[in-house]
1. So which residues in segment 236-273 are out of contact with any Pro (no Cβ under 6 Å at 6 or more places or on another chain), farther than 30 Å from residue 196 by Cα and either open to solvent by less than 20 Å² (accessible area, probe 1.4 Å) or charged (D, E, K, R) (or both), if there are any at all?
2. Give the residue, chosen from 353, 431, that is open to solvent by 80 Å² or more (accessible area, probe 1.4 Å) and within 20 Å of residue 30 (Cβ to Cβ).
3. Take the residues in segment 62-108 that are in contact with a strand residue (DSSP E or B) (Cβ under 6 Å, 6 or more places away or on another chain) and among the hydroxyl-bearing types (Ser, Thr, Tyr); name whichever of them is nearest to residue 180 (Cα to Cα).
4. Identify the residue in segment 33-45 that is part of a helix (DSSP H, G or I) and open to solvent by 60 Å² or more (accessible area, probe 1.4 Å) and, among all such residues, is nearest to residue 317 (Cα to Cα).
5. Which is under 30 Å from residue 172 (Cα atoms) and either in contact (Cβ under 8 Å) with a residue 24 or more places away in the chain or of a type in the set (D, E, K, R) (or both), of 83, 54?
6. Can you pull out the residues in segment 303-359 that are among the acidic types (Asp, Glu) and touching a Leu at 6+ places or on another chain (Cβ under 8 Å)?
7. For segment 168-186: of the residues being within 19 Å of the chain's Cα centre (by Cα) and among the small types (Gly, Ala, Ser), which is nearest to residue 311 (Cα to Cα)?
8. Taking into account only those residues within segment 86-106 that are of a type in the set (D, E, K, R) and closer than 18 Å to residue 334 by Cα, which is surrounded by the fewest Cβ atoms within 10 Å (Cβ to Cβ)?
Amino acid sequence: MTWAEVEMSGVDLGDQRLNSRVVKLLESLSERPSASIPDACGGWAETKAAYRLLAQDKIGWEDILEPHWARTQERMRAEPVVLCLQDTTELDFNGQTIDGLGPLSYEAQRGMYLHATLAVSPQRVPLGVLDAWMWAREAKDKEGRRPPAVKESTRWIEGYERVAEQAQALPGVRLVYVADREGDILALMQRAVALDHPADWLLRSQHNRKLNKDGERLWAQVAQVEPCGEIMFELPSRHGQKARPVRQSVRVQRVSLPVDGKMLEVNAIVATELEPPKGVKGLEWRLLTNRDVPDLEAAAELIDWYRARWEIEIFFHTLKTGCRVESLQLASMERIERALAVYLVVSWRIGLLMRLGRVCPDWDAETLLAREEWQAAWILARKPVPKQTPTLREAVHMIARQGGFLGRKGDGEPGVKTLWNGLQKIAACVLGMRFRQTYG
């Protein structure tokens, strides 16, 4: 079975032909993630079948993701701790004629929103997409008011509820809900208390809340406590900035937040960079959590888990830049949603290749890749094809070389961009290999 057949096993779209079609589409898009649907499908018959699938009004995007959710839960079951990273991204379809879209941050832009939860291990290996919401905003009226709708902040609270449901289904796994500043919502914390914290939560703080009638502020109080120690880590390169070592002092304090006449007990952590490079703003993270933080070791673990939140940024980058989903040309938002369900799985797999190549470098390459795929990487590099199956790291490096990864001593490990570019070239070579096998 191919990886797509395994990932989509049990899919039920009401027709066996549709079940087979979604597997085929997933394989085609994963082989050429940056290509348009017609280019990825490679022919009119295949393209027509893909568009017919996406036009099926009786199929919800949730139906397409259902088997992936089941596989994700299976992968989570094997982990002692799972980080459930949640965030929202805009999808800009401005200039395209697609029914059902709405305004974005700027009223003149047209598009939709995607709010997803990505499950990863503490080692940052992506386990799968755990949850998703897709919606479009209503346009403002002539008076500049938007029609009443569900508050978008509700997505964060509902997201915690879904994670809590997973925690109850996986009693042997500790689930941790991780969110950036937008998730700093008292109602979310209250909901976790009401559910008796089946899942932990870790939020980056956005608000400097009042703690009492005297007006004392949360972070002013935490700043008064003595640091419990220091941590060090390597900050990866991003947004044009070079990788650099970071040293932070850490403060921890248990605080009581007043909410509706009651007090909500939380633990606050402040990690402040010491001696940042000249001209660089020092890193400071203010985190809130329900977990006990008795010492520096516990605080360092939570800070490391928060740093793993960057994986969902990589995931969205892969979805939007690697898979180019904002270039989809489909007639309606419902069809876009069905296509996005497939691309979410594609983006997850690209991230999985990247991370496992780093975390599990000695695994057999055929754990994740078909034999033809890794062989094609050596053929394109004009190197002798190994007689023995290479390691996953060797295969990932060779694929990434086709996408621009140089593999020099100081280059580190390949990222998602060189992988999705490399996969495109590998797919063309695999197609030629299969043609030769079939027709001699």
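The values are calculated or read from the model by the stated rules, or taken from the named source; none is laboratory data. What you are looking at is a predicted structure, and each value in this text was computed from that prediction instead of being measured. Glycine also receives a Cβ, built like all others from the backbone with ideal geometry; neighbour counts cover every protein chain displayed. Heads up: the accessible areas ignore ligands, DNA and RNA and are worked out on the full protein's heavy atoms, side chains in. Shrake-Rupley method; radii C 1.70, N 1.55, O 1.52, S 1.80 Å.
1. Hits for segment 236-273 are 238, 242, 244, 246, 247, 248, 273.
2. Criteria check complete, one pass: 431.
3. The extreme case among them is 88.
4. Filtering segment 33-45 for residues that are part of a helix (DSSP H, G or I) and open to solvent by 60 Å² or more (accessible area, probe 1.4 Å), the one nearest to residue 317 (Cα to Cα) comes out as 39.
5. Values: 54 fails: under 30 Å from residue 172 (Cα atoms).
When all the criteria are applied, what remains is 83.
6. First, the residues of segment 303-359 that are among the acidic types (Asp, Glu): 304, 311, 313, 326, 334, 337.
Of everything in segment 303-359, those that are among the acidic types (Asp, Glu) and touching a Leu at 6+ places or on another chain (Cβ under 8 Å) turn out to be 311, 326.
7. Among them, the one singled out is 179.
8. To start, the set of residues in segment 86-106 that are of a type in the set (D, E, K, R) comprises 87, 90, 92, 99.
Subset that is closer than 18 Å to residue 334 by Cα: 90, 92, 99.
On the way: 90: 15, 92: 17, 99: 11.
Once the filter is applied, the top-ranked residue is 99.
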